[in-house]
Amino acid sequence: MKLTQYFGKVLTDTVNLNASRLEDLDTRVARITEALKAAGALDGRVLDTVPQGSWAHETIIRPAAGLEFDADFLVQLSEDEAWNENPRSYANAVYSALSDHAIYGGMSSKKDRCVRVTYANDCHIDIITYVVMANGRQVIVNRNTNQFEDTNPVGFSEWFQEKDRLTNRNLRKVIRLLKYLRDHQGAFKLKSVLLTTMVGNIVDGWRDLDGDYYEDVPTTLLHLVEDLDRWLQAQRAKPHLADPSCPTTSFNHRWTDSQFAAFRDSIHRLAPKIREAFDASTVDDSIAAWRRVFGPVFPESVVTAAPVSASAAVKSSTGRRAPKERFIEEMFPVQLTDTVSVRCDVSPPRELNRVQRRALRAGAGLVPKQRDLHFAVEGTSVKGPYDVYWKVRNSGLEAERKQFLRGEITRDAGQRRKKESTLYAGNHYVECYVVKNGICVARSRQPVVII
Ligand SMILES: [Mg+2]
């Protein structure tokens with residue numbers, strides 16, 4: 001059985017990183033960024049910081065007690081022709097900035113591709129030097145080889161977001177569960193970037209044409225692990241694994257042939273266990289089988305939630321109604337006979353770099369905090385006169401804690417525009433409705449993921 005609620009409980013109680021630790025991480029990254037910007041060694045070269053890896057993809061999991069979790073971010077430096085001759089110069093300047101710092105000096109250590117700042121027993125933050133060159137090439141610096149390595153961090157995040165969207169946002173959760181099985185159950189060994197890439201590659205849009213192949217966490221877990229197992233079994237040797245956002249970069253050096261073979265065999269053992277738990281015909285049998293996969297953290301029961309009222313059951317992306325939230329269905333009859341498109345511009349370029357601006361325009365909806373967003377009705381098939389309504393719905397723990405979930409629906413005064421500032425990390429959305437003769441005839445939703 002699927003036991004979807006049980007999976008919700010495992011994720012919340014055991015697997016997900018606590019909200020307070022994520023907030024601490026935000027604060028720490030902001031302070032490190034300030035220190036880098038102020039450092040003489042970098043002399044005003046810091047252009048921006050870009051989250052990446054599990055932090056950007058929301059796949060960080062809670063570490064075992066006393067162990068640290070890992071978060072990565074890129075610090076983008078302006079290009080310097082002289083430094084290009086000796087790529088290490090960029091990385092050394094970042095290291096000097098931190099190692100000379102009163103606070104970070106004692107916490108910083110050098111790695112090949114980053115400087116690691118360690119907060120003992122809690123987390124370490126890897127700061128990777130990143131340069132976007134005048135010719136558009138994006139690189140990080142390998143200090144050890146003194147060479148640039150091609151990368152495309154925003155592209156990787158876009159790729160991941162797209163795969164996540166194809167799975168109805170279940171991919172992130174499945175990757176967290178797999179990391180839990182790796183770190184706490186010894187189910188397999190594999191670097192996170194390889195796991196994320198292979199599982200993401202397995203996601204296929206055509207499989208979900210009926211909308212149920214990736215419909216919830218347990219179904220997505222079953223299908224991704226079985227499909228991964230089938231793919232791995234078809235590989236005679238370690239497969240070529242390209243960086244999905246940067247085809248010239250391969251991940252082949254990140255693992256050995258024997259690591260590949262061990263991973264393939266581990267997944268071949270795991271897949272039937274998940275199938276057995278999923279197919280078990282009684283709740284008790286299914287719980288017992290899921291506990292053989294996840295161990296005793298898989299709950300033996302869940303408290304059933306109170307029934308939701310009919311109106312609150314109106315489908316929202318968060319599944320729960322915010323205190324002031326309204327739904328268009330409660331205000332007008334909805335008969336979607338027309339279309340409306342909404343454009344989102346980021347302006348003026350409050351430190352937003354070229355790559356991020358391009359990513360936003362491409363509809364990735366991935367926006368760093370503290371930018372201004374301008375939404376505008378770009379076009380609609382509705383013939384005037386009509387009214388436009390806007391709804392901004394925030395989600396995420398930060399917005400929830402600050403009681404800023406919003407969700408009210410407001411009428412546009414005629415400018416067909418809405419300005420928003422990005423304040424809280426989370427998956428938010430802006431919705432636009434066109435109402436003609438008292439009927440909502442078109443709607444459009446723009447996701448806004450603030451990182
Ligand atoms: Mg790291």
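The figures follow:
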quantity: Residue match in region 321-332 (condition: within 30 Å of residue 159 (Cβ to Cβ), modelled with pLDDT under 85 and not basic (Lys, Arg)); calculated: no
quantity: Count of region 34-57 residues which are open to solvent by 20 Å² or more (accessible area, probe 1.4 Å), within 30 Å of residue 175 (Cα to Cα) and assigned to a helix (DSSP H, G or I); calculated: 3
quantity: Qualifying positions in region 23-33 - crowded, with 21+ Cβ neighbours inside 10 Å and away from the ligand (no atom under 16 Å from the Cβ); calculated: none
quantity: Residue check, residue 175 within 16 Å of the ligand (Cβ to nearest atom), out of contact with any strand residue (DSSP E or B) (no Cβ under 7 Å at 6 or more places or on another chain) and among the aliphatic types (A, V, I, L, M); calculated: yes
quantity: Residues of region 17-31 classified as modelled with pLDDT of 90 or more and not in a helix (DSSP H, G or I), total; calculated: 1
quantity: Pair list, Cβ < 7 Å and 6+ apart or interchain, from region 118-145 residues that are of a type in the set (D, E, K, R) and within 13 Å of the ligand (Cβ to nearest atom) to residues that are part of a strand (DSSP E or B) and open to solvent by 10 Å² or more (accessible area, probe 1.4 Å); calculated: 126/70; 126/72; 126/116
quantity: Top-ranked residue in region 385-415 [being modelled with pLDDT of 90 or more and among the basic types (Lys, Arg); ranked as most open to solvent (accessible area, probe 1.4 Å)]; calculated: 411
quantity: Odd one out for residue 14 among (1) touching a helix residue (DSSP H, G or I) at 6+ places or on another chain (Cβ under 8 Å); (2) outside any helix (DSSP H, G or I); (3) open to solvent by less than 60 Å² (accessible area, probe 1.4 Å); calculated: (2)
quantity: Residue match in region 100-114 (condition: within 14 Å of the ligand (Cβ to nearest atom) and of a type in the set (Val, Ile, Thr)); calculated: no
quantity: Within region 77-95, considering residues that are assigned to a helix (DSSP H, G or I) and in contact with a Leu (Cβ under 8 Å, 6 or more places away or on another chain), the one farthest from the ligand (Cβ to nearest atom); calculated: 93
quantity: Entirely in region 364-435, the strands (runs of 3 or more DSSP E) that have 2 or more residues that are in the same structural domain as residue 27 (by TED's automatic domain parsing); calculated: none
quantity: Matching option when the condition is assigned to a strand (DSSP E or B), aliphatic (A, V, I, L, M) and in the same structural domain as residue 47 (by TED's automatic domain parsing), among 74, 98; calculated: 74
quantity: Residue count, region 208-225 (criterion: under 20 Å from residue 272 (Cβ atoms), in a helix (DSSP H, G or I) and open to solvent by 10 Å² or more (accessible area, probe 1.4 Å)); calculated: 2
quantity: Filtered residue count, region 34-69, keeping only those that are touching an Asp or Glu at 6+ places or on another chain (Cβ under 9 Å) and away from the ligand (no atom under 15 Å from the Cβ); calculated: 8
quantity: Answer residue from region 393-420, given it is in contact (Cβ under 8 Å) with a residue 24 or more places away in the chain and of a type in the set (A, V, I, L, M) and is farthest from residue 320 (Cα to Cα) among those; calculated: 409
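Each row is one residue, and each column tells you yes or no for (1) out of contact with any Lys or Arg (no Cβ under 7 Å at 6 or more places or on another chain); (2) open to solvent by 70 Å² or more (accessible area, probe 1.4 Å).
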{"site": "241", "(1), (2)": "yes, no"}
{"site": "245", "(1), (2)": "yes, no"}
{"site": "248", "(1), (2)": "yes, yes"}
{"site": "251", "(1), (2)": "yes, no"}
{"site": "257", "(1), (2)": "no, yes"}
{"site": "268", "(1), (2)": "yes, yes"}
{"site": "275", "(1), (2)": "yes, yes"}
{"site": "280", "(1), (2)": "yes, no"}
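Here is a yes/no grid of residues against (1) in contact with a Phe, Trp or Tyr (Cβ under 9 Å, 6 or more places away or on another chain); (2) hydrophobic (A, V, I, L, M, F, W, C); (3) open to solvent by 30 Å² or more (accessible area, probe 1.4 Å):
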{"residue": "83", "(1), (2), (3)": "yes, yes, yes"}
{"residue": "113", "(1), (2), (3)": "no, no, yes"}
{"residue": "122", "(1), (2), (3)": "yes, no, no"}
{"residue": "141", "(1), (2), (3)": "yes, yes, no"}
{"residue": "144", "(1), (2), (3)": "no, no, yes"}
{"residue": "151", "(1), (2), (3)": "yes, no, no"}
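The values are calculated or read from the model by the stated rules, or taken from the named source; none is laboratory data. All values derive from a computational prediction rather than experimental measurement. Glycine also receives a Cβ, built like all others from the backbone with ideal geometry; neighbour counts cover every protein chain displayed. Heads up: the accessible areas ignore ligands, DNA and RNA and are worked out on the full protein's heavy atoms, side chains in. Shrake-Rupley method; radii C 1.70, N 1.55, O 1.52, S 1.80 Å.
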